[in-house]
Structures are given as C-alpha cells and as structure tokens.
1. Once you average over the residues of A:202-212, how many Cβ atoms of partner chains fall within 10 Å of each Cβ?
2. Based on the mean of other beta carbon atoms within 10 Å per residue, what is the order of B:55-67, B:121-133, most packed first?
3. Karplus couplings for region B:405-411 from phi (6.51 cos²θ - 1.76 cosθ + 1.60, θ = phi - 60°), rounded to Hz, Gly and Pro as x?
4. Starting from one equal scatterer on each C-alpha and no solvent at all, send me the Debye-based log10 I(q)/I(0) for region B:110-154 at q = 0.19, 0.28 Å⁻¹, two decimals.
5. Provide the per-residue ³J(HN,Hα) series for region A:485-499, in order, calculated from phi with Karplus coefficients 6.51, -1.76, 1.60 and θ = phi - 60°, each as a whole number of Hz, with x at glycine and proline positions.
6. Round to a whole angstrom and tell me the spacing of the C-alpha centers of region A:352-373 and region B:118-162.
7. Counting partner chain Cβ atoms within 10 Å of every residue's Cβ in B:100-113, what's the average?
8. Antiparallel DSSP bridges in region B:54-194: what percent, to the nearest 5?
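Quick note: the coordinates plus some simple rules give every number you see, no bench work behind them. These figures come from a predicted structure and were not determined experimentally. Here the Cβ positions follow ideal geometry from the backbone for every residue, glycine too, while neighbour counts run over all protein chains shown.
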Amino acid sequence: MGNCSNEHRGTSFSASAASLSNPLICSSINTFFFLDKYIFSQKSCDGKNIGTYSTASLLALSIIDLCETFYCHLGVNVPDHAMTFRSLCNLLQDSVTPFVVSVHAKECAGVYFCISTLTIRIIGLLQKSTQVFPQRTESLTNSDFPQSLPVVVIFKDFEAFNSQVLQDFILICSRYTQELPFIFIFGIATSPSAIQHRLPHSVSSLLCIEVFHSLSCTQHLASVFDKLILNSQFPFKLSSRVIQVLVGIFLYHDFSVQNFVKGLQFSMLEHFKSQPLSMLCCQKQEALLSAKTLSKKNVERIRHLPSFMRYVETQEPQEQVRLLTNDEHVKEVCQKLLKNLHKYHKNYYPILQCLHSLTSSLPKFPLGKHIRELHVSCIEKNLWETEEYDSALQLLRILAKDELVAALRKCAEILKSTKILQNVLQQLEDFIGRLEALEEDSSGNGIISGKMEYQKTDLFQLQKTLLEKESRRTKRMNPFEVLRSQVIEFIDSLVREYLTPAELQPLNEVCYYSSSGVLRQRLNVTPRTSIQAALSHPFYYLQNESLKTDAGTISSAAPDLCIVYKLHLECGRLINLYDWLEAFLTVMSAAEDQDTNSEDARFIQAVSEMEFLGFIKSTKQKTDHVARLTWGGC
Amino acid sequence: MKIHICLTGIKTIILDCNNISQYSVFLINSALMNRRDIMSAVNPDQYSYPSVFIYGHRATGKSHVVLSIMKDLELPHASVDCVECVSSGLLFHQVLSAFFGPDAAALLPRCPSLSDFVRLYKQMSSNSPATQTRYIILDRAERMRDMDFSLLPALLRLQELVNDNVTVILLSEIVWEKFRPNTGCFEPLLFHFPDYSKGKSLVQILSWDHHPSYTPELYASYINILLGVFFSVCRDLRELRHLAVLNFSKFCEPLEKGEAKESDIHKLWKNIEPHLQRAMQTVYLREVSSVQWEQQQMDEKEATTLRVLSAHAHIELPYYSKFLLIAAYLASFNPARTDRRFFLKSHGKIRKTNFLKKHEKTSNHLLGPKPFPLDRLMAIFYSVVDSRVAPTASVFSQISSLVTLQLLSQVGHDDQLDSPKYKCSVSLDFILAISRCVCVCVRLLDLLALSLVIQSQVVRQERSLFTAVSNLHLL
C-alpha cells in the first residue's frame, strides 16, 4: 500500500519538478521582452536608419553606428546564463529573425574559427542552397541570402573572448554591414565598462551600443520564492533550516537561481524518499482520500510523529487512549488535522504578505528586507516573542496617518486578491474608512494646538512645561492615536492567530522537509574533507571492524595509502623518501605474515597515489625528497 | 620610369563626375592640396612605380582618396582589407577574383603559396594582358607583418615577379620604418597624409554638411564650439561628424523657441556646452547608443534615469567571492613577509625600524600586482572572513569563476594542477567599494588601511597615517 502510493507520488512529483523550472524561464523572458520590443522597433526603422546615414555621410567615409550591439548585463551566476540565452535565442528566432547564432569563447580561438562556426551555423539555419559551400562571410552575402533580415550573433561570455579576435571580427563585420545587417548581443557578467577594457575606441566606435540589465539574481530568487515556497497551492514545504541552507548557498556561493531550484528539487526528492508519510503531502482532496485508507504501519508512524504526540498530550485522557488504540479514530483525526493544516497554509501566506508590506517600509527593516527572512522567522518560532517584532510594532505605532492608510490599503489589496479571510478584509476596510473620516477633526485639532502662548521662560520652567506636556500627551490621546493603537492591536492579533510557527502544527512532518544536515552535506560538498576523512579514518567508509583504531595510532591492517598518508602528516615541508619507507616498513612489520619483497613496491604505489591525489609533488630542491602540498586538517 | 603629373586632368574628371557630391570633391581637393604627389603614382597607361605606401592617422582620407580615384577613373583594381586575410591564401583569392573573375581564383590550390599565386597571375595576365595599370590596394597593411615574412617583400616587387603592369598600394596607420624587414626590400614610394589641423581643415570640412535651414556661419560657429569640447579627446573626423549631427538639434533649440537669435553666440554656447560635456562622457564612450541619446534629448527627465542605468554599475558578487577578491588583493599587494603581522592575532613583536626592507618601501601600486600561490590566498581568506568557512567545492569554484570574469588572472604555466598562482587584476577603488558593501567589521578596514599605509610610504609620518586610517573608518 505504502509502496503503491509512493509510486503514485513519484509521477506527480515529476510533473511538479517540470513546473519548477518554469518561473525562471518566465522571468528571463520577461526580462528580454523589452529587448525584443526594441529590436522590433529597430527593424521597422532599420532601412530608414541606413538611408539617413548614407545621405548624412555623403562621402560614405565609413559607417558609424551600424553594427547594432546590445550588452546584456547579467549577474555572475554562470549556470543561469545558458538558460537565459536559450530562451532569448528562441524568442528572437520566433519573432525577429531566423538567423540567430550564439557563440562561445571556447569556439573562437581565432578569427578564422569564429567566422567558420558562425557561417556553418547560419548555413545550418538556411538549410538550402548549399551547392557552393561558402568559406567566408563575403561569399555568403553574395549567395541568395534574405537581404532584409539581420543576423544576430550572441556572444555568450564576453569576458572570456580574446579581445584581438573580437576586434577583428567586428572590423570584418562592419565592412559588410551594408549588405548584411548584423546585431551583436554581448553577455557581460561584470559591468558595462568591460567594453572599454576589451575594445579600443577605434573598434567600439563602429558599434551602436545599448545596455540592458537583466533582473538582479536576488529579484529572480524572490520570484521563485513567491511562486514555489510562499504558495499554498504547492503542498511541499521547507522548514526554516532548509530554507536557510538553500538561501545560504545562493547568497554566499553562487548566486545561481538554477542551482537553487535544483536544491529545491533535490530536497523534494529526499523528502518523498525518506518520509513514508509524505504520501499525504499532496492536494487536499487527494490527501484526505489517502488518509482514509492509511495502512496499519503508517498509522503507527503517525503515532510516532513528534507533532502528533504533542497533539495527543493536549487532549483529554479518554481521547488520548482512543488515539493510541483505535486506528479508525486516528484516521479520522488525521483527516481533521490535515484539513487544519491546509487551512493554516491558506491563511498563513496572505497574512505574511500583509505583515511584510507593513514592515518592509520601516526604517532599518527590523523584520527583514525580504519576505523570505520574515517567512523564516515566522515558521521557526513565535514571531511575537522576538525583539525585532516588538521594535517593528513600536515603529508602526508612530506612523503618520497617510502612511498608515497607504500601508493598510496595500494589505487590503493583498487580501482582496486572495479572496479568503473576508472578515479580516472587512475589518481592515472599516479601519481605513474610520481613519479617513478622521481627517477633518484632526486638522481642526492641529490648528487649536498650534495656538500657544509664548513667553520668556528660564530653563527650569521650560523643563517643567515640557514634562507637563509629555504627561498630558500620555493621558489624553487624540482620536487618531486611539484609532492607530487599535489598528496595531488588530494587526498584532492577526499575527498571533495566523502566523504561528509551522513546527507547532500537528502533522507538519508530512509536508515539511527538515533535514538540513543531509542537504548541506549533499549540496555543499567538501571533497578535501571527505578525502582526508577517508584516509585518516578508513573505518568510516569501509565499515570493516578490523580497521577500528584509536586516534593517533596507525594500524597495519589499514590500506597502504592510509598508512602512508598518516606517516606523511608527521613530516615537514620536504619529506625524505627513505625515512618514509623505513617508517612504512616498521608499521608493516607489526603484521606477521608479510612478504617483504612486495612492500617496497606497495610503498611506491601508495606514494604515487598520494601524488595523484595532490598531497605531495616531486621537487628538485633536494634529492630523494618530495614536497608536501597540504597543511593542517580541515 | 617617367613620372607624369596629371593633377589638373584628374581634378577635372572628378569635378565632372555627377555622382560624387560637392562635399567629397572638397575633401579630395583639400587632400590633394597637400598630397598632389599621389597622382604621380597613378598613371594608368604606362608601367607605373611597383609599390606605393600611404600612411596617416585614422580618418585622414587615405582609403577614400585612393578608392575614389580608382572608381572615377574606372581603373582595374583589387581592394583587400588585410584584417580579413587570416591566411595569405585569402588575399591571393581576392586579388585573382577581382582581376580575372572567380573562375581564375578557383584554380588556386587548397593552401596556395606565393609561387602558386605568381604562376596563376602570370598565366592569367598572358591571356588577358593589361591595357592599363592594375592596382592592388591593401588596407590596414600593418596586419601583413603578422603574415608570412616573405609576403611583404614579394608584394612590393610584384611587378617584376609577374611581369605585368601592376602596382601595389599599401595603406597603413603606421610609418614605413616599422614595416621594413630585416633582410631589406624594395623601397616603395612613400606618401604621408597629415592630420587635419583644427583651425582650418577640420572646421571647413565639418561645416560643409551644414543644415539647409540655418546659415553656414551659424553652423561654423557650432562646429567651433563642438571642436572646443571634443578636439582634446578626439580627432577622428568620422566620430566628430557623427557627434556634430547628433547634437545639432539641441544647439538649435533656443533658436526654434525664439529665446535667442543666431547672433547670440554666447547664449547658444552656454546652452550647449554642458550638454556636449555630457555627450563626451556617454555617447563618445559608447555607453549609450545614439538612438538613446536622441531620446534623452527629447526628454531631459528620462535622461537622468537612463544615465544612472548606464553608469558603471557595481558588480554583483556572491558574499564569499567578495572576500576572496579582497584576500587576493591583499595577497597581491602586500609582501608575504608582512602576512604574519597582519593576519595572525598573536604575532611576535616586530621592530619598526627594520620592519620593511628598502625595496619594499616603494609603493606597491607602482610595481603592480604580484603573483601569489593558492595556499596563501586561502590562508588570508580564512583569516579575513569572520565566520568559519568549510573548504567546500563551491569556494574553490568561485576562484575559477573570478578568473573567467578576469578579476583574477592566472599566471605561470608550469604546475597548474598542484600549485597554481594568481594575480589580482582589480584596482584599489574597486576593492574599497566591495569591502564597503561587505564588511561591517572594522578589522578588515584596518587591514586594508594598514596595507594602504605601507603602500603609500607614510609609515613614519604619523599624521598622514591617522588621516588614512580615519578616512577608511569614515567609509
């Protein structure tokens, strides 16, 4: 039963994995929509453009500004570039010109290779009139090439191109641009000023450059978060630790959205593989159906879930007994709890967005700049018990009226779009109405309080009056302040009701993947540490009882490589091979039935393996010595 | 060989040609004022001088003068741009197909040598002997030096080799002395195209394409203003013309609005000057395209946003990449001896007087970055980063991605696997910008400050030391 449903989950998992990659493509397409539109407009006025130039430059000295060039300024997230360019390429091919060619720096070691790859690809695109195999661009222009369409050349990694090759290529293209319009698209990962570093002015003056910036990778990440993680439609959830690991890898290491999505996919796989109860992690109706038909084993598993045990403890003693003995009752309760969990998620996200929109404009961002930070702190612990939350509420309490109204309006918009929590929406709109109704009164108040009697006072008296004023203010708030504190209390109550930590929800283990340690081990690998662990503690990988040793001793039963490795740890920068061999032989002699002849050979083999692994290298500084390359344990 | 000076004749021919505009005539005219000698080489009917070398800066009209003479006199010529000729075979191919048609060029073997070319040329020219001198025009001839070493001397006396009335014209931006091979060669006729002078020729040429609805005087004064701004950075005629066309509408704006009269040169100057300065920073450097620039002129408000977009945006790097870059910078510009002092918490006491050797006191910024091994980079990286960082694969892959972004560069070719060496190739300003957005910790700033102090030779001058450190703290 469990097996069967797991299989079933497998199919729907692959479907959702396919949908996972969509948002990135969507957003990158959005990014380039502007570019696309631009090229369209250019195309329409292209002929005109050339016309004006040829009349303007009566002499046809040479063509300035005719090779159109676009710099796509992308982030450094190299793995994402391929996908972005692929979608851009498809987009251009569909809408602008069929002749879109993308080249890599690797393929363009020289101008000849650059041009030949270009021509071969264009000919591949033409797929006709290949009787004469054109070797050069010129002969290509002479063939029956559709004249009006430009050739788009995408240089994927501009930084890696040899600048001389690029210069020559641009010079050659500029000679033929009247017969064959070229559009270059350079993908730049650093800054647009890379152009000045790579190309001299004589070459860059032949280009007409427009700079396009892709969305920054954090914005990409935010959109992925919105679509996949902060979404109640998507039953699979991540715990706060896992989110922190994934976001940490993203921010600290690679800035790659694609890798982030892969991490998400991996954690999903892990979750469905390691947690048998994950069969309940699906859409509400399906989940309820499978909860009805839970197997005996799975019911037992549910009873062992920490969150379920916590739930049982809160019940009446009679109920507790029923829950622990009656399987059918567990199934019913399970359905109820699943319903609650779904309801919790449904309410959680709109309120989270509301809170974020309220606090994201506060100075110093007490609850975080991004919604993901707020989300992490919400599902981790009781938000209202944190200091940051207190300070955020403090700041909200001193908001001016127009700011408050605007913020509440935003919240109302968010709630309107979700179409749930209608009563909360009503209350919010009620507050907004009351705040706006206050307008006339408060302005009247302002005028009255503005009329103050000013007289000469000494410092003591001033202090006194100020103190009096302060106390008066605390005693008697004007209507706006009363209403404002009501609003804040209302928001506070919302947070306490809806933004409870997910880990406290019964049955949260079904949906939440929480083993962050496994994830970190799998995604953020430390090859050197594992090699060193394998060499110093062979038991860890080989699981052979005879290899169990105390720390500090060298067992002769260990593989030769391990013995040699441990011995080399005791040496300095240069290792005397003979001493090393002697030490090795001493260790080996502890074991009895050894053939002494083969030991030298085994030693040499182990040493060459060490060299292969990069721990030592041969040196010319001293005869019969090798140099050590690594220092310290990790 | 008799030198015919048929300057006047050619001039009339050019003037008679209707398809060439007055403007080009003017330019050719002005070119010929100084350069009438060139005509001596162009004498179609007799055997002419075997090779001519023409040099001058960019956009002084070398190719234009030569090509328009060829065109107007309808002389048989083959014009080849040497940039295209990645092999000499391509050059031969183009020359043969220009003179004798593509069929002749197809007879060339797969990897033609010079002798193949000469043989084919002889064969073809005997079939169709020259009635006029044939001209081979090689643009950007400086590229020929990178090709086969025998090619240039052979082309210079091609006339002898093929026994045909052929002249090779070399066009280049550099002087002949840089071409002359070690073994010596036939000396071509040399012509120099000098730069246009600011006062006379440039203004005259540029004011030739004046707007029909304004007086030539106004346009000439506009050109004077334009040259006042741009002449110091750019003498390229093409570029200047391009800029002149781009900015003229802005210049005329007050006239169209009726705020100024054509005689109000000063007012117009005040109006256009800041605009031109801005153009020098953006359009001239190709940071915005001319289309964008025109849009900006339409709408000044949008201009600011666009300019912000195109300004040197800071590079987005992952957190650890920034630290790696900072560590690389410190490793590149600090002597390795000082590492113990800067990065170890309990370093031994070092006597100040003998701390730095004499040669180390010269500013490291003057000496440029020094290579450092990977180990040192990682050691500095670990001591600079606050938190404990595991030596994960992605940390190391960040180093190689920094190399592909050319922020670091790998040096040395031996032992790339075991102990690679790198150099940091970014400037101090860049590093300061990065460390400003990365580090809240004062310690790192201190480190940078110390390395700065050492580099700027102010160890002994306490005052400047304090200012340097406090400046960094202010950052």
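1. That works out to 5 on average.
2. B:55-67, B:121-133
3. 7, 6, 8, 10, 10, 8, 10
4. Evaluating at q = 0.19, 0.28 Å⁻¹ gives log10 I(q)/I(0) of -0.80, -1.10.
5. Going residue by residue, I get 5, 5, 4, 5, 5, 4, 4, 4, 5, 4, 4, 5, 7, 9, 9 Hz, with x marking Gly and Pro.
6. Taking the Cα centre of region B:118-162 as reference, the centre of region A:352-373 is 75 Å away.
7. Per residue, the average neighbour count from other chains is 0.
8. The antiparallel fraction comes to roughly 0 percent.
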